[in-house]
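Peer 1: After the structure tokens below, expect a handful of questions from me.
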Amino acid sequence: MGTAVIDRKARDCAAELLRQFASGRTTTIALENRWPDSKDPAIRAIESTIWCFYDDLTEHSLQGPFALAPQMKRVMARWIVFLHTNEPYEWPNIACPGIRPLRRSWLTHRLGLAKLLTRKEQRFLKSGAFDLWPFISAQSFELARTRPKLLSGTQRSHANDPSSTYPRA
């Protein structure tokens, strides 16, 4: 399971970058160059996952042929909501966690790695409510959904929020 490291500044930065990327307003290279370096496992897991959405060889935005399907936009919106919470990332470490199950290539099968990778992936998928990833459970997702940080009409004071990682004055 993940550790309790929550890097509020990095999460806020990543949420904004991911929002710009999902809406086609920033490019792959800009996203890579500005992505925060953090020990927060949520930052690392989402970074590993968004890598699957672009080509390393050409700079582009998620517009035109690279545009996200509406369903994928909703999925990325859930990732952004998670980044705006102080929920710990509780999933086991695995590459590209938000894109599961992965298809296996002929080479993976030929090298005999398919069964090993499939078992690891199955353990990962059983660790929580994957349809709500990066939230670990329906309860944590529902809490975030009913207590939105954005568009709530009120400004949250981090000084009075016991779950906040912001330093207190």
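What follows draws every value from the coordinates through simple rules; no lab data is involved. What you are looking at is a predicted structure, and each value in this text was computed from that prediction instead of being measured. Don't worry about glycine lacking a Cβ; one is built from the backbone with ideal geometry, like all the others, and counts go over all protein chains shown.
Peer 1: In percent, how large is the relative contact order of the stretch 8-150, given Cα pairs closer than 8 Å and 6 or more residues apart?
Peer 2: 27
Peer 1: Starting with the fewest neighbours, write out 143, 17, 57 ranked by other beta-carbon atoms found within 10 Å of each beta-carbon.
Peer 2: 57, 143, 17
Peer 1: If you don't mind, another one. Full extension from residue 142 to residue 71: what is 0.36 nm times the residue separation minus their Cα-Cα distance, to one decimal in nm?
Peer 2: Length gained between residue 142 and residue 71: 23.7 nm.
Peer 1: Moving to a separate point now. Please arrange 27, 58, 146 by how many other C-beta atoms lie within 10 Å of their C-beta, fewest to most.
Peer 2: Ascending number of Cβ neighbours within 10 Å: 146, 58, 27.
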